[in-house]
Amino acid sequence: MMAKTIIDAHNVSKVYNPKTVPVHAVQNVHVHIEEGEFVALVGPSGSGKSTLLNMMGGLDEPTIGSVIIDDVEITSLAENKLIDFRLHNIGFVFQSFNLIPVLTAKENVGFVLQLQNVPKEEREKRVMQLLKEVGLEDKINSKPGELSGGQQQRVAVARALASKPKIILADEPTANLDSKSAGNLLDIMAKLNKEEKITFLFSTHDMRVIKKARRVITLVDGKIDSDVQQIPS
Amino acid sequence: MLIQIAWRNIWRNKTRSFVVISSIIIGLWAGVFMLAFSWGMYKNNIDDTVFKQLSHIQIHHPLFKEETDSKYSIPNTDQILQKLRLNKDIASVSSRIISSGMITSPTTASGVKIYGINPVEEEKQIGLNEHVRQGAYFKSAKQNEILIGEKLAKKLKIKLKSKVVLTFTNIENEIVSGAFRVGGLYRSKNISLDEVNVYVKQNYLKDLLELDNSNSNEIAILLKNEEQMEVVKAYSINLVPNGKVEDWKELSPELGMVIESFNLYTYIITGIILLALTFGIVNTMLMSVLERVRELGMLMAIGLNKRKIFIMIMLETLYLTLIGCPIGLLVGWLTNNFLGEHGINISMFSEGLASYGFSSVIYPALDYEKYVIVAVMCFFTAILAAIYPAYKALQLNPSEAIRKI
């Protein structure tokens, strides 16, 4: 049986400063991501991978084209509906500034659930389970400042997972991590992808991430240069 | 949740928050103190006018105030005074004979207002005996004794025991003169009045004016409690149906204006202080928003909508202001209470102030109503100051905000 297309970026382009000095960050890109894929979006700096990722996550609006996620055309959603859509369907992991500094690991993970009005008991149960999954059950009351970079990213993954999203978009999640922390994080993500069928889409130029991916899309100058399937190592 | 995050956010940069809160505390303390100091000055002036000059209520012949002529008098004064003394709301009463005339010394002359008083009664009313600096307060048995202000004495170049002549018109409109001996020199808190008012014994002046012994020009009533003013006024009108009964606000409309203008002054002073504070608060909150652009972008990305971002920033600003306001008001209230009891001696400037009727010791005072006004204005300032930084946060686009370094 063919897997369902979860993300369909149709002919998307993004032009910055269209009226002054136009910068074509992404040009006429067609991408279909299927449910349960583990995709790395790679390319040199300025190739448009973060821009494409942001558009696919509804953080940025394409100048031309449309993005359909799970049969919903997010490019036509009103701002608040789009925020709500992101809250329920997409988990984000950023390179840095991922967590709310004034909240503990437990509160950070529970934050998204609170936004979804999940009852307290259920919320706490899920938060504990997620933090256990990322191996941080002993750091639940630590604030981001008290955690290492790798631990912070693991909390971010736990938070991204909290709302049981269909997709997790990660923008260079390992860029600031040492090898051990990066490996650890990737193992957790790969495990979640395999066991919970969550679709993962990374923008990265980290070889460690690229090697773990089953599909690698390479962008050069805002255009898709190659799109290959591979066996993760 | 937002309440908790906003609260923790303001303590991320403790120094900055303390600086803002301190500036609010100092600003409000200064404002409240300034208001209390000014009101203390005015109140002193008002109290002096009421207790040392006008009394709470005065009764005159209806035409007396228009022409200030002694012939317009209230008959049967003694009986009226007796009845008034029986009223439990009245602290003291006195009658006065008033005439305008000229005081002449061997060297010069000056226009004066002559008060014929009953010295014993007036001790409880205007308390002139407390202000006598030289000589005595009608202690001699002589009938032609006169009490004049130090300033007038200086102007007339006379001393204690000097002889002066008062010239005025009697009730028949004939010019009469009387020789008086200066028995005492007084200095009240209102130097400008000291130059004009002279006091003589009532019976002696009555004789000179040829006024009936039972008549007087003014009945002054001092109340135990000012709140009973309307009741006593009604009682007085009943007692003297043909007289004109007026309270101190009617007698001295400028004092009413002082109160009115002070209310306006409260709004202006508080408004200026809060406006200055608003800029400080807006500046701090803007800094706080701008240095958290990426974090705010992340919050929007993970699902915090703009309304909630707006509320969060508003709450942060409100917290800062609403912590500072009560403390500032409390410190101001404590300062005012302490100084209200002990007073502030500004004798360095008292000469100048005394000529305007102000005392040299100021007792700051402020009604609770004014504290409420300041508190309400403070609350609106908090909201006003919160809007712009929160609005600025709304302008952020999550993807741009996340990219921002």
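Can you confirm whether region A:96-104 contains a residue that is among the aromatic types (Phe, Trp, Tyr), within 13 Å of chain B (Cβ to nearest Cβ) and within 15 Å of the chain's Cα centre (by Cα)? The answer is yes; a qualifying residue exists.
For region B:112-135, residues that are of a type in the set (Gly, Ala, Ser) and at pLDDT 90 or above total 2.
Just to check your reading of the model, which residue among B:282, B:232, B:245 is in a strand (DSSP E or B), in contact with a helix residue (DSSP H, G or I) (Cβ under 9 Å, 6 or more places away or on another chain) and surrounded by 14 or more Cβ atoms within 10 Å (Cβ to Cβ)?
Only one candidate passes the filter, namely B:245.
Restricting the search to region B:201-229, which residues are among the polar types (S, T, N, Q) and without any contact (Cβ under 8 Å) to a residue 60 or more places away in the chain? Correct list: B:213 only.
Note on region A:43-84: among residues that are touching a helix residue (DSSP H, G or I) at 6+ places or on another chain (Cβ under 6 Å) and either touching a residue at least 40 places away in the same chain (Cβ under 8 Å) or not hydrophobic (A, V, I, L, M, F, W, C) (or both), the one that is nearest to residue A:229 (Cα to Cα) is A:43. Applying the criterion of at least 1 residues that are more than 30 Å from residue B:287 (Cα to Cα) and out of contact with any Lys or Arg (no Cβ under 8 Å at 6 or more places or on another chain) to the helices (runs of 4 or more DSSP H) found wholly in region B:1-95 leaves B:14-48, B:64-67, B:77-85.
Conditions tested, residue by residue: (1) within 14 Å of chain B (Cβ to nearest Cβ); (2) crowded, with 19+ Cβ neighbours inside 10 Å; (3) not basic (Lys, Arg).
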{"site": "A:108", "(1), (2), (3)": "yes, yes, yes"}
{"site": "A:128", "(1), (2), (3)": "no, no, yes"}
{"site": "A:137", "(1), (2), (3)": "no, no, yes"}
{"site": "A:149", "(1), (2), (3)": "no, no, yes"}
{"site": "A:153", "(1), (2), (3)": "yes, yes, yes"}
{"site": "A:194", "(1), (2), (3)": "no, no, no"}
{"site": "A:203", "(1), (2), (3)": "yes, yes, yes"}
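Residue count for region B:3-42 under the criterion of being within 14 Å of chain A (Cβ to nearest Cβ) and either surrounded by fewer than 17 Cβ atoms within 10 Å (Cβ to Cβ) or within 42 Å of the chain's Cα centre (by Cα) (or both): the result is 10. Within region A:14-24, how many residues turn out to be part of a strand (DSSP E or B) and surrounded by fewer than 18 Cβ atoms within 10 Å (Cβ to Cβ)? Looking only at that region, the number is 4. Residues that are within 14 Å of chain A (Cβ to nearest Cβ) and among the basic types (Lys, Arg) were ranked within region B:360-405; the one that is nearest to residue B:269 (Cα to Cα) is B:404.
Taken over region A:30-52, the criterion of being assigned to a strand (DSSP E or B) and under 12 Å from residue A:221 (Cα atoms) is satisfied by A:42 alone.
Listed by position, the strands (runs of 3 or more DSSP E) inside region B:122-200 whose residues that are surrounded by 15 or more Cβ atoms within 10 Å (Cβ to Cβ) and without any contact (Cβ under 8 Å) to a residue 60 or more places away in the chain number at least 2 are B:132-135, B:145-149, B:175-186. Number of residues in region B:231-242 that are at pLDDT 90 or above and touching a strand residue (DSSP E or B) at 6+ places or on another chain (Cβ under 8 Å) equals 4.
Here's the yes/no breakdown for (1) assigned by TED's automatic domain parsing to the domain that holds residue B:81; (2) farther than 25 Å from residue B:373 by Cβ:
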site: B:197; (1), (2): yes, yes
site: B:203; (1), (2): yes, yes
site: B:208; (1), (2): yes, yes
site: B:232; (1), (2): yes, yes
site: B:259; (1), (2): no, no
site: B:271; (1), (2): no, no
site: B:288; (1), (2): no, yes
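Annotation note: of B:297, B:271, the sole residue that is surrounded by fewer than 19 Cβ atoms within 10 Å (Cβ to Cβ) and part of a helix (DSSP H, G or I) is B:271.
Taking region A:25-42 as the range and being buried (at least 17 other Cβ atoms within 10 Å of the Cβ) and either under 17 Å from the mean Cα position of the chain (by Cα) or modelled with pLDDT under 90 (or both) as the test, the residues that pass are A:31, A:33, A:36, A:37, A:38, A:39, A:40, A:41, A:42.
Among the candidates A:93, A:67, A:157, the residue that is touching a Pro at 6+ places or on another chain (Cβ under 6 Å) and within 14 Å of chain B (Cβ to nearest Cβ) is uniquely A:93.
Regarding residue B:336, is this residue without any contact (Cβ under 8 Å) to a residue 24 or more places away in the chain, assigned by TED's automatic domain parsing to the domain that holds residue B:12 and in a helix (DSSP H, G or I)?
Spelling it out, it is not the case that residue B:336 is without any contact (Cβ under 8 Å) to a residue 24 or more places away in the chain, assigned by TED's automatic domain parsing to the domain that holds residue B:12 and in a helix (DSSP H, G or I).
Region A:137-233 holds helices (runs of 4 or more DSSP H) entirely within its bounds, and those carrying 2 or more residues that are under 30 Å from residue A:11 (Cβ atoms) map to A:179-196, A:207-212.
Please verify whether region A:115-129 includes one or more residues that are under 26 Å from residue A:58 (Cα atoms), at pLDDT 85 or above and under 17 Å from the mean Cα position of the chain (by Cα). No, there is no match, as no residue in region A:115-129 is under 26 Å from residue A:58 (Cα atoms), at pLDDT 85 or above and under 17 Å from the mean Cα position of the chain (by Cα). Of the residues screened, residue A:50 is not one that is buried (at least 16 other Cβ atoms within 10 Å of the Cβ), of a type in the set (Gly, Ala, Ser), over 21 Å from residue A:9 (Cα atoms) and at the interface with another protein chain (Cβ under 9 Å from one of its Cβ atoms).
Scanning region A:110-121 for residues that are free of Cβ contacts under 8 Å to residues at least 12 places away in the same chain and facing chain B (nearest Cβ under 10 Å) turns up just one, A:114.
The values are calculated or read from the model by the stated rules, or taken from the named source; none is laboratory data. None of these values were measured; they are calculated from a predicted model. As a convention, Cβ positions derive from the backbone with ideal geometry for all residues, glycine included, and neighbour counts pool all protein chains shown.
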